[in-house]
Structures are given as C-alpha cells and as structure tokens.
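The values are calculated or read from the model by the stated rules, or taken from the named source; none is laboratory data. Source: prediction; values computed, not measured. Every residue, glycine among them, receives a Cβ derived from its backbone with ideal geometry; neighbour counts consider all protein chains shown.
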Amino acid sequence: MSSILSKILDNMQKKDYIFSMNVAKRIEEKINKIEEGDIFTYKDLLIKKEEYFAASKTIERLIKKEIIKRISTGTFYKPKKTIFGELRPNEEKIITPYLFKDGKRIAYITGLLLYNKMGLTTQVPRVISIASREKRIYISRGNIKANAVKSYVEVTEENFQYLQILDAIKDFKKIPDLDLKNGIKILSNILKKLSKENIEKLVNYSLSYPPRVRALLGAILEEIGRKENLEKLQNSLNPFSVYKLGITKEILPTAENWKIK
C-alpha cells in the first residue's frame, strides 16, 4: 500500500515539475520578446490563475538573475544595457500601468510634464500630475513621484488627448516660463491640425471646464478661422464676465471679442 502511495506521490510531483517547467519556459520566451526598457505586468504574460504560483517563482528567479527588475508589485521592466550602464524606463513608461484599470484608460498625464512636452515650458517637474475622474492616483517609486488631480470628465482612451489640450488652456496663465505669444502659437498649431469633427468634440468637452477655458479656446479658434462651433462657446459664457489672462490683442487679435484681457 505504501509503495502504491509513494508512486502516486512521485507521479504527482513529476506532473507538478513538468507543469512548472512548461510555465517557466513559456514566460521566459515571452520575456525574451519584450524590448529592452519596456514595462510589463502579469497580464501581459497571459498567465492563467492556476499558473500564478509557478509564474511567480519564475519571475523571482529572473529578478535574481537581473534579467528583469521590479518597479512595483506585479509590474516589471526589462533593463536596457548601454555603454553608460543600465537605463531605467522613462517616467512615462513607468507611470503608464497606473493610467489603466482592467485594460481601460482611467487617467492621463497632465501638468508641467505635459506642458513641457508641448513646448509651453522648459521646466521639468519633480512631481508628476495624473488626472483621473474615478480614482485618486498617487505614486512614489524611487525617483518617480506623482500626485492626483481631478479630471473634469470621465477619462477614456478616446478623449484624454482633448482633455490634455483643455488642461493646457486652463493653466495657460500659470505655466512657468511661458512666452504668451509663443504659447498661443503652439496651441493654434495644435488646433489647426484637428478635423472639424475633432474640434466639435473638443468644444463639447470644454463645456465641463471653467469659463476662461471656453473663452480662450473660442478666441484661438476664431483667430485661426475655425468658426463652426463659436456660437456654442459664446452661448456658454456670461456676457458680462471678463477673463484676466494677461493676453493682449497684440498677442491674440481676437482676445477682446471674448472679453479676455
């Protein structure tokens, strides 16, 4: 009886061993295909529930070998080797996993990092701003720190870039090192590239933003000759309100039409 039990246990151990080896082999093959510097999670490795234990052991072994490194629980990256040493993923790649929930975008990068990328400021923030409607997102991972701000509408993959444009318009007056004339030119060039349909979407999202955003958006759209949605913007504003943004008609000729000073 004991020999039969021993054989059963041996067979079970062999099956477990083969199962673990198969999982490990598949994970290593997937990781080999990941570009150096890229970030990945367990979900990217397509790990099934019953494979999780074997997968975690494989991941830990690869971390010890320094083939991969951990950013946070369940989030890893493949180090990029250069003649200057090992490079970590850039800030945006590290933050990207936090911008999604169950595969859907729920947040986006805003604030100084965004405005720096847009060319509106030369300053680089020490703390990154992340906007989300449904979740307050804070990050503190080594040198990467991020604080949460509330978005004006629910964030999706389809709308976050419109919201980034509107954030830049909202914060226009307080962006550090901003040359106002150059800033208007940058925003004008962005809006010129949008289709009629996209401008309409942008205007519709702007209705959830403060009035000064709609006023400046309207003035820029009028200046570049995109007049299809101006009436909607004008009707959303109090005709007696004045918006003190430090923008003169020399900087933006249509500013006075929108009570911008």
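List of remarks:
- Selection within the stretch 110-124 - crowded, with 18+ Cβ neighbours inside 10 Å and not polar (S, T, N, Q): Gly111, Leu112, Leu113, Leu114, Tyr115, Leu120
- Residue within the stretch 60-82 that is of a type in the set (S, T, N, Q), more than 29 Å from Tyr209 (Cα to Cα) and in contact (Cβ under 8 Å) with a residue 60 or more places away in the chain present: yes
- Here Gly142 passes the criteria (1) at pLDDT below 85; (2) under 17 Å from the mean Cα position of the chain (by Cα) except the one numbered (2).
- Pairing each residue of the stretch 171-187 that is more than 19 Å from Glu223 (Cβ to Cβ) with any residue that is of a type in the set (Ser, Thr, Tyr) and assigned to a helix (DSSP H, G or I), provided the two are 6+ apart or on different chains, yields C-beta distances under 7 Å for Ile175/Tyr115.
- Every pair of residues 6+ apart whose Cβ atoms lie under 9 Å, when the first sits in the stretch 99-113 and is within 18 Å of Thr75 (Cα to Cα) while the second is among the aliphatic types (A, V, I, L, M) and assigned to a strand (DSSP E or B): Leu99/Ala107; Leu99/Ile109; Leu99/Ile130; Phe100/Ala107; Lys101/Ala107; Ala107/Ile130; Ala107/Ala131; Ala107/Ala148
- Any hit, the stretch 188-205, residues being in a loop (DSSP other than H, G, I, E, B), under 26 Å from Lys150 (Cα atoms) and of a type in the set (Lys, Arg): no
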